[in-house]
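Worksheet: the structure to be examined is printed underneath.
What follows draws every value from the coordinates through simple rules; no lab data is involved. Since we're looking at a predicted model, the values are computed, not measured.
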Amino acid sequence: MILSRIRNAFFPPRCVCCDGITENDFPVCKKCLGNVLHPYPKKSRCSICFMKHDACICAKRQFFEKLSVSLPYEGTARRTIHKLKFRSRPDLIENYARLLLYSLNERDMLMDTDYITYIPMSAFAKFRRGYNQSHLLAKKLSVLTGIPVKGFLVKYKATKTQHSLDSYSRSGNLLGMFEPDKKYLDELEGKTVVIIDDVMTTGNTLNETAKTLLIFGAGKVYAACCTVKKTKKPLNTEK
């Protein structure tokens, strides 16, 4: 408790949206609180992403059964994610993991989850960046929840970055790109797994990951992202 207070005095918790200092234990400051995406409460909501149907961000064919997204990838949230990925700011991991936890609990997605996993990176990509931010998010979420984290999949071959491709190319860019880590195959059989990532664009990366997990034995797959890029339809932020 004392050590926590000392740490917060010198390194106060930062808002995941604006990178400003938060006034409480919530990972988003009061100014940015309205940016957090909430599930729509009525029965007409999508059963995958929990948004109203006119704001649904899901494609017709998804291999994950439920999806949780915490913030739109825009404005200050976009800048903090960019700092996390490209400016060596792994200190942002803790609050983003806490926000993921908040969103997952709001959607009741951890009740039956057996394992947490993450989007793998190629060895070269990880070496160049210094860390896999999705892995760090998954590890911190595991600490917060007590649910074990497993690297069920590996990525041996580097691919072009998804944000540099059109939607058609993004889909083909990842086909067959992930392979199972054989030492975890027995533990995957029949289990419910939630995949963690930082940014969702079209959902192709999460979809390919979920499909691979199901092919190699997972019972159910959920997905959770810190941020989601805008679609043609507006995202719902109502409770």
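The table that follows gives values for the structure above.
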quantity: Using θ = phi - 60° and Karplus 6.51 cos²θ - 1.76 cosθ + 1.60, couplings along the range 102-114 (whole Hz; Gly, Pro as x); calculated: 4, 5, 5, 5, 5, 9, 6, 9, 9, 4, 10, 6, 8
quantity: Over 24 Å (Cα to Cα) - which of K30/K126; K85/K182; K157/K211; K183/K229; K83/K140; K66/K150 fall in this group; calculated: K30/K126; K85/K182; K183/K229
